[in-house]
1. Evaluate the following for Ala66: is it in contact (Cβ under 8 Å) with a residue 40 or more places away in the chain, surrounded by fewer than 17 Cβ atoms within 10 Å (Cβ to Cβ) and either of a type in the set (A, V, I, L, M) or in a loop (DSSP other than H, G, I, E, B) (or both)?
2. Say we look at region 108-126 and pick out the residues that are small (Gly, Ala, Ser) and out of contact with any Cys (no Cβ under 6 Å at 6 or more places or on another chain); which of these is farthest from Val39 (Cα to Cα)?
3. Is one or more of the residues making up region 17-36 β-branched (Val, Ile, Thr), part of a loop (DSSP other than H, G, I, E, B) and either out of contact with any strand residue (DSSP E or B) (no Cβ under 8 Å at 6 or more places or on another chain) or without any contact (Cβ under 8 Å) to a residue 12 or more places away in the chain (or both)?
Amino acid sequence: MTHVRTAQTDLTHDVEAPRVGRRFVTSVLAKWGIASGAVERAQLLVSELISNAVLHGAGPVRLMLAEVEGGRSVRIEVCNRGSGQPRMRVAHPDDLSGRGLQLVDQLSRGWGSSNVDGETSVWFEVQIDASA
């Protein structure tokens, strides 16, 4: 039986959550021995998802990390109360926001979302093997 490493933390629903989430991801992935390029991608993308959760959701934000694909990727998931479904949109050059999920789409191995019983979950995967 293969052991899958996981980590989880709850963040307060405030403007400090993205910073705290980035630090948590950095700490966990460093302990797991993940290469710096994958850590930097994970920091950027988790910051986008947590910012969206604080902006559009309610209550505490749960941040979860898990190895997937036999340790070749890490899945990072952000969950909070809310009924909305994230969607990519086309941001105009003068728009202040609207590019976050485009970054997630371009820089992750894949991403998705679900909404069950009033909880929205958004996840992405970052490849961490030698060909990342």
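The values are calculated or read from the model by the stated rules, or taken from the named source; none is laboratory data. This structure is a prediction, so every number in the text was calculated from the model and none was measured. Backbone-built Cβ (ideal geometry, glycine too); neighbour counts: all protein chains shown.
1. Values: in contact (Cβ under 8 Å) with a residue 40 or more places away in the chain: yes; surrounded by fewer than 17 Cβ atoms within 10 Å (Cβ to Cβ): yes; either of a type in the set (A, V, I, L, M) or in a loop (DSSP other than H, G, I, E, B) (or both): yes.
Spelling it out, Ala66 is indeed in contact (Cβ under 8 Å) with a residue 40 or more places away in the chain, surrounded by fewer than 17 Cβ atoms within 10 Å (Cβ to Cβ) and either of a type in the set (A, V, I, L, M) or in a loop (DSSP other than H, G, I, E, B) (or both).
2. From region 108-126, those small (Gly, Ala, Ser) are 108, 110, 112-114, 118, 121; that's our starting set.
Next, only the ones that are out of contact with any Cys (no Cβ under 6 Å at 6 or more places or on another chain) stay: 108, 110, 112-114, 118.
Working: Ser108: 12, Gly110: 16, Gly112: 20, Ser113: 22, Ser114: 25, Gly118: 30 Å.
The selected residue is Gly118.
3. Going through region 17-36, the residues β-branched (Val, Ile, Thr) turn out to be 20, 25-26, 28, 34.
Now narrow it down to the ones that are part of a loop (DSSP other than H, G, I, E, B): 34.
Now restrict to residues that are either out of contact with any strand residue (DSSP E or B) (no Cβ under 8 Å at 6 or more places or on another chain) or without any contact (Cβ under 8 Å) to a residue 12 or more places away in the chain (or both): none.
Looking through region 17-36, none of the residues is β-branched (Val, Ile, Thr), part of a loop (DSSP other than H, G, I, E, B) and either out of contact with any strand residue (DSSP E or B) (no Cβ under 8 Å at 6 or more places or on another chain) or without any contact (Cβ under 8 Å) to a residue 12 or more places away in the chain (or both).
Conditions tested, residue by residue: (1) of a type in the set (A, V, I, L, M, F, W, C); (2) at pLDDT 75 or above; (3) more than 11 Å from the chain's Cα centre (by Cα); (4) farther than 13 Å from Val46 by Cα.
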position: Glu69; (1), (2), (3), (4): no, yes, yes, yes
position: Arg75; (1), (2), (3), (4): no, yes, no, no
position: Gly82; (1), (2), (3), (4): no, yes, yes, yes
position: Pro86; (1), (2), (3), (4): no, no, yes, yes
position: Leu107; (1), (2), (3), (4): yes, yes, yes, no
